[in-house]
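Only one structure is covered here, and it is reproduced in the block below.
The values are calculated or read from the model by the stated rules, or taken from the named source; none is laboratory data. Please read all numbers here as calculations on a predicted model, not as lab measurements. Cβ atoms come from the backbone with ideal geometry, glycine included; neighbour counts cover every protein chain shown.
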């Protein structure tokens, strides 16, 4: 049974990668290619371990495993970002139901985006999908001291919307993102990757959907 309370919601805050745009495969392909060129061989299953993290945190995660120790972190980040932005601009596609959901909520309340991605990636994605004008606030966790699962990016997004977190809805797809929004004091709708469907942090969301195609407002 849903624990979601739609009557309390005054604004909505969306994650981006894997929720609005089908960019997780793009990130994975880019990370695998760049890390491989520097001697670290990863699989897509390996990349799932860092889903939802900022790219600087992804790089440091793999460096902490005694990999890539002699490669400059900034160099790795820039190489990955270049590949990701190029792929999004040429091949980026919306996740099922994403545009419908964004437009449905936009007609009812202010909406924001709170993403772990760099601002350049966010702009490339929103422009590719022609959704940028619908968001009152666009905020990157790169501007925060801590990325998800810390609540910082969501707390700031709510403040920019001039709404208390308890009156804001977060829409997320990753375990770390769900934790971030819950830690901020928000209600959360999770739309997880199938591999994360039964993850303990996903199960803490107020409502879990298989796809944004299943979204309706007011939510059940």
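Things to note:
- Of all residues in the stretch 66-95 being exposed (fewer than 15 other Cβ atoms within 10 Å of the Cβ) and in contact (Cβ under 8 Å) with a residue 60 or more places away in the chain, the one that is nearest to residue 132 (Cα to Cα): 93
- Pick from the stretch 7-24, criterion within 13 Å of the chain's Cα centre (by Cα) and modelled with pLDDT under 95, ranking: surrounded by the fewest Cβ atoms within 10 Å (Cβ to Cβ): 24
- The stretch 206-220, residues that are touching a strand residue (DSSP E or B) at 6+ places or on another chain (Cβ under 9 Å), in a loop (DSSP other than H, G, I, E, B) and either without any contact (Cβ under 8 Å) to a residue 24 or more places away in the chain or over 18 Å from residue 6 (Cα atoms) (or both): 209
- Boolean, residue 63 is farther than 20 Å from residue 188 by Cα, surrounded by fewer than 21 Cβ atoms within 10 Å (Cβ to Cβ) and in contact (Cβ under 8 Å) with a residue 24 or more places away in the chain: no
- Every condition in (1) crowded, with 22+ Cβ neighbours inside 10 Å; (2) more than 21 Å from residue 216 (Cα to Cα) is met by residue 145 except one, and the failing one is (1).
- Test: residue in the stretch 107-117 that is at pLDDT 95 or above, part of a helix (DSSP H, G or I), in the same structural domain as residue 181 (by TED's automatic domain parsing) and closer than 23 Å to residue 188 by Cα: no
- Taking the listed residues 72, 46, 56, the one that is more than 21 Å from residue 175 (Cα to Cα), at pLDDT below 95 and out of contact with any strand residue (DSSP E or B) (no Cβ under 9 Å at 6 or more places or on another chain) is 72, with no other qualifying.
- Residue 195 vs. criteria in contact with a strand residue (DSSP E or B) (Cβ under 9 Å, 6 or more places away or on another chain) and in contact (Cβ under 8 Å) with a residue 12 or more places away in the chain: no
- Residue, nearest to residue 28 (Cα to Cα), within the stretch 42-55, restricted to residues that are surrounded by fewer than 17 Cβ atoms within 10 Å (Cβ to Cβ) and touching a helix residue (DSSP H, G or I) at 6+ places or on another chain (Cβ under 7 Å): 44
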